[in-house]
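Read through the structure below, which is laid out as structure tokens, and then see the notes.
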Protein chains: 8
Amino acid sequence: MIWTVYLSGEIHTDWREQIIQQCAERELPVEFTSAVTNHERSDAAGDCLGPEALPFWRDHKSAKVNGIRTQTLLETCDIAVVRFGDKYKQWNAAFDAGFCAAMGKPYITLHDEDLVHPLKEVDAAAMAWAKSVDQVVDVLAYVTSSR
Amino acid sequence: MIWTVYLSGEIHTDWREQIIQQCAERELPVEFTSAVTNHERSDAAGDCLGPEALPFWRDHKSAKVNGIRTQTLLETCDIAVVRFGDKYKQWNAAFDAGFCAAMGKPYITLHDEDLVHPLKEVDAAAMAWAKSVDQVVDVLAYVTSSR
Amino acid sequence: MIWTVYLSGEIHTDWREQIIQQCAERELPVEFTSAVTNHERSDAAGDCLGPEALPFWRDHKSAKVNGIRTQTLLETCDIAVVRFGDKYKQWNAAFDAGFCAAMGKPYITLHDEDLVHPLKEVDAAAMAWAKSVDQVVDVLAYVTSSR
Amino acid sequence: MIWTVYLSGEIHTDWREQIIQQCAERELPVEFTSAVTNHERSDAAGDCLGPEALPFWRDHKSAKVNGIRTQTLLETCDIAVVRFGDKYKQWNAAFDAGFCAAMGKPYITLHDEDLVHPLKEVDAAAMAWAKSVDQVVDVLAYVTSSR
Amino acid sequence: MIWTVYLSGEIHTDWREQIIQQCAERELPVEFTSAVTNHERSDAAGDCLGPEALPFWRDHKSAKVNGIRTQTLLETCDIAVVRFGDKYKQWNAAFDAGFCAAMGKPYITLHDEDLVHPLKEVDAAAMAWAKSVDQVVDVLAYVTSSR
Amino acid sequence: MIWTVYLSGEIHTDWREQIIQQCAERELPVEFTSAVTNHERSDAAGDCLGPEALPFWRDHKSAKVNGIRTQTLLETCDIAVVRFGDKYKQWNAAFDAGFCAAMGKPYITLHDEDLVHPLKEVDAAAMAWAKSVDQVVDVLAYVTSSR
Amino acid sequence: MIWTVYLSGEIHTDWREQIIQQCAERELPVEFTSAVTNHERSDAAGDCLGPEALPFWRDHKSAKVNGIRTQTLLETCDIAVVRFGDKYKQWNAAFDAGFCAAMGKPYITLHDEDLVHPLKEVDAAAMAWAKSVDQVVDVLAYVTSSR
Amino acid sequence: MIWTVYLSGEIHTDWREQIIQQCAERELPVEFTSAVTNHERSDAAGDCLGPEALPFWRDHKSAKVNGIRTQTLLETCDIAVVRFGDKYKQWNAAFDAGFCAAMGKPYITLHDEDLVHPLKEVDAAAMAWAKSVDQVVDVLAYVTSSR
């Protein structure tokens, strides 16, 4: 069995690449999916449907086009990893966590210790809290091990 | 039909009381539910189960006890209103919105215009974005009108 | 048991009032729900959330506000009656029928004989096709009879 | 991942072929499904089960046989594209959209600007509104891109 | 709690009345629902929608009208009792049992010992097999007892 | 797409083999599943778990072992064909039809004209009624055609 | 809102009565359901359906009759409390916990500290672990408080 | 079709290996999944996320990490085999059985005759009770046979 892991949340550091690389090095039976993580492309996802004068509607159109992808990939993944960084609001990461929780889809949070209090509801519904990429990969290695 | 409206999110201003009062004045057929909104009581929700040395586990226990209430009330409400203020991370509000989205439960966001961009995913899955308590009450009045 | 009947579709004739009145005269154990059927109010449902320059977004906002009501009432009704008149496109009526079909919610179509061919998919998933208000009421009387 | 895209609605122009060809030229990871789009064959789908004297029952039988195919393919697709042309009622397209909405399946509408008002409920539950085949293909290219 | 018990199957003896009377005498907290059990009325359920020349379509229309009632009542009952007599095919009783099984709704079969072999699949998915009305009432009394 | 077709019901004639052979000859993209159709093996399915003194419990055990297979295959098929012959009660066939109906799984009934009346509820929830193996294969050919 | 609390598990001490009494004294808006807790009556639940020679089948019949009650009450409760005592295997308590977990129904475990290790899977899916009746009542008081 | 069989429960004897080997020898179309069955590794599953001072939280973290694997594999298996040995509490096995029951997933119990009474609820919801590995393999051979 190949496990599909959805990588959600922060897009300003290379945590996704680190996880993917470490899993490859350890030859884990996992494949990865995620939202489009290029910030400019993501914000412009709906521009192909025509320009918008108001920022709200431009955001709205782009978020819905992104939603076609993210909702489908969340529903079909086996595990989600939800990353919260120290910058920006990252409400979409918490939104993804809530989406997983309602579906009964297991997810792992990845964030520093100083975010423990504001993330307590998100962590409480998670199956694990990891403080580093290494810990995430260790969990994936264990969960997907052959025996 | 009495509509049950769940009020989620920010707990530092009196937006809940304003909505409840205005709906009462307009005699709307609505009743309200919410998480326990007393900050200290909410953070201490798990303390009755015994003290914890580590902040993470105290938060964890309290968040799960709160989750008994919030998950049940979210599942049984007809409409959720999710409020984002200008302070704090309020990841639990975004989490509730994601939970509603996965259940197909309609929700209304309530936030200022300067939060439009970071909340675009949350707004895109919402049925309405309100900028003021008055607008929320107007939507509730319309949705629950007899004819 | 009181049966809840959702009345969907055409809003330019008084078929809803006729059904409600006949059911009252026959003292059937039914109550009725529907979308807001005042055309102007319905088109303006989202206006309380602020004006829109573009017709698409005004329609979009209003349709979503209406959706809070219609989706909830469709999900909680026992039977839907979906009326197609001879004017206008009435795509929202067909949309409601498809929504019911996917939920396994029984619905009755109400339309003239000359619409049989274009409505064949909608009728095929319906539990009954009625050609008149009298026939709808007869079906409701039978379905909700005490023995 | 190969994405399955269901093409629903109007059968009198070659919009399906255009989408399929453009996606092939751009080597998108998509495959397509749809109802049987040959009008005569579709209307005659139930004739193999024996002739019917009344048009209603002929249509009924054919629509149900078509439903075996369309319901299954709608349930198993990842994305639906629902096309509304300027002729005919096309209630089956709106029916498919409602079916998707109730399942939480993302769909894209494809129609001209002059249909915005009558399609507002269908568009409000859609993830995107496209005005041209090119726009549909752009959205599919974005949604299914590798990163 | 009042338990709702759906009485399905054979309509040529008074087993329903016996169960209802015995439960009333024992003051059990139960209420009963069922299909329309008057044979002629049931076969004619669709006649109000217009006459049919062919027996198949008359049966089809009536069965669908009956289905509005039976499907709704099966979905909302707490327990079903499915009765098989010694005459007729009673495929609708087995159909109701299969419907309950797929929904995870508990049902009790009621039939004589000589039907054990042909009903083995239906009994295997049941929660109890009763050979008499008295046994059904005993089970209902036990299941609905206050402590 | 390969369509999976579950063949349910009568086991005393070779209707299954006829369907399978004709589909093979016409090179339809279908594969078939079914219960174990060897009568003696099916009745003895539970014997490996130890002998039973009472016929009821032997039947019960065998029916549950058969249920592991039949429930799983019904849930995973795309289409079911449910055959009623002129002998025996065949309540398990009607049970399978009800199971499909509750899941929203499309099924085709296969039976002679003289069974129309007792099977009216089963036919009313079916997507098609076929009177011959040829008709079943024609429907499968149409439904699974490439365009 | 009146919250329904299902009390599952150990039947040899009066923990249920203690919880019910304390909740009554504190006037909590809760009502309670449970399996039949009289051991002899529970073991004999199926005896009304006729005697069985083998202990396995007597147990089987009684357990299924009990299951009509317990499955229904578990599905309709808001919260379950699952009690593990120091005697007996109490596998039915763990079974109820797993049933709740799969439904997403929140439950609280109630057991002494020395059972922590063998119950770790059951506790991990619970929303709270209580060591005493007082703690359970405290959690219920908090969860069901008016604000 | 390859059937996926989840092996749940007791980890102190080699019953899993016996089943796997016998199925291989008989060339059954089955593949197997299970929890991590190395006791020490399983208890330490969460240790990679950091040490815990309290046994409860160490168990809690490990059980949740194990839950990522077990919940996913239970949801995706076709059949579960749940083994109860004569030592230890094995509440996780009963928990898995309850989880399967709520999902409608068929499972087979494997235990000695002296556990019949305490396991009556677990057995009552099972599709078969086997007393030996040979019996389990016989059932799997029958259920997965080609015809």
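In this structure, the amide hydrogen of residue H:9, modeled 1.01 Å from its nitrogen in the peptide plane, lies closer than 5 angstrom to those of H:83, counting only residues at least 5 positions away or on a different chain.
With θ taken as phi - 60° and the Karplus curve 6.51 cos²θ - 1.76 cosθ + 1.60 applied, the whole-hertz 3J(HN,Hα) list for region A:36-50 is 5, 9, 7, 4, 5, 4, 5, 5, 9, 4, x, 5, 5, 8, x Hz, x standing for glycine and proline. Once you divide the Cα radius of gyration of the protein assembly as shown by 2.2 N^0.38 Å, the number left is 0.91.
Rounded to the nearest 20 debye, the dipole size of region D:2-117 about its Cα centre is 420 debye, using +1 on the Cβ of Lys and Arg and -1 on the Cβ of Asp and Glu.
Stretching residue F:86 away from residue F:18 to a fully extended chain increases their span by 22.7 nm, per 0.36 nm per residue minus the current alpha-carbon distance.
Mean per-residue shielding of peptide D:68-76 is 6, counting Cβ atoms of other chains within 10 Å of each Cβ.
Computed over the protein assembly as shown, the per-residue total of -39500 (n - 2.57) for DSSP H runs of n ≥ 4 gives a 222 nm mean residue ellipticity of -14000 deg cm²/dmol, rounded to 500. The value of relative contact order for chain B, using C-alpha pairs under 8 Å at least six residues apart, is 27 percent.
Electrostatic bookkeeping for residue G:143 treats Lys and Arg as +1 and Asp and Glu as -1; over the other residues with beta carbon under 10 Å from its beta carbon, the sum is -1. Per residue, the convex hull spanned by the Cα atoms of chain D measures out at 118 cubic angstrom. Note that region C:35-139 presents 33 Å² accessible area per residue, ligands and nucleic acids not counted, probe 1.4 Å.
Legend: mean number of C-beta atoms from other chains within 10 angstrom of residue C-beta atoms, peptide B:112-122, equals 6.
Evaluating 6.51 cos²θ - 1.76 cosθ + 1.60 at θ = phi - 60° for every residue in region F:6-12, the Karplus couplings come out as 8, 9, 10, x, 2, 10, 9 Hz, glycine and proline recorded as x. As a length-normalised measure over Cα pairs under 8 Å and 6 or more apart, the relative contact order of region G:82-147 settles at 30 percent. Computed in the context of the full set of protein chains, the accessible area of chain B at 1.4 Å probe radius has 50% of its extent on carbon or sulfur. Of the residues in region D:79-108, those shielded by at least 50 Å² of accessible area once partner protein chains are present, compared with the chain alone at a 1.4 Å probe, are D:89, D:91, D:95, D:102. Averaged over peptide B:138-145, the number of partner chain Cβ atoms lying within 10 Å of each residue's Cβ comes to 6. Both chains summed, the buried accessible area for H and G stands near 3100 Å², from protein heavy atoms and a 1.4 Å probe. Distance between the pseudo-spin-label points of residue D:134 and residue B:44 (7 Å out from Cα toward the beta carbon): 6.5 nm.
Considering only C:76, C:13, C:109, the Gaussian network model of chain C with Cα springs below 10 Å gives its largest mean-square fluctuation to C:13.
Excluding same-chain neighbours fewer than eight residues apart, the aspartates and glutamates reachable from residue D:89 by a Cα-Cα span under 13 Å are C:86, C:114, C:121, D:10. In this simple spin-label approximation, residue A:31 and residue F:75 carry label points 7 Å from Cα along the Cα→Cβ vector, and these lie 2.5 nm apart.
The values are calculated or read from the model by the stated rules, or taken from the named source; none is laboratory data. All values reported here derive from a predicted model rather than from experimental measurement. Cβ: placed from backbone, ideal geometry, glycine included. Neighbour counts: every protein chain shown. All accessible areas refer to the heavy atoms of the entire protein, side chains included, with ligands and DNA or RNA removed. Shrake-Rupley method; radii C 1.70, N 1.55, O 1.52, S 1.80 Å.
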